[in-house]
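Take a look at the structure set out below.
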Amino acid sequence: MYHFIINPSAGNGRAQKSWTKIQKKLCQLNLKHSYYLTTSSTDLKQHLRQQAKLTPKTIFVGMVRFIMP
């Protein structure tokens, strides 16, 4: 299973459009996946901490940079 983390506002909304296409393709290929739409950098950090314990394969869409303590 793959887990996607999407910043829907990245690239003036282009990340959200990309995610829509990616998700459609994942469904066509019947690939199991989960996703999370971020709302802030704090939200991202909190979610990453939780998700790192659950899913080792995490893919970022629309993440240019982030800082983990």
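Every number here is computed from the coordinates shown, using simple stated rules; none is lab data. Everything numeric here is computed off the predicted structure, so don't read it as measured data. When we count neighbours, we look across all protein chains shown, and the Cβ atoms used for this are built from the backbone with ideal geometry, even at glycine.
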- request: Taking 7 Å along the Cα-to-C-beta vector as the label spot, tell me the SER18-LEU31 distance in nanometres, rounded to one decimal.
  value: 1.4 nm
message: Can you tell me the length gained on complete extension of the stretch LYS45 to LYS57, counting 0.36 nm per residue apart and subtracting the Cα distance?
response: 2.7 nm
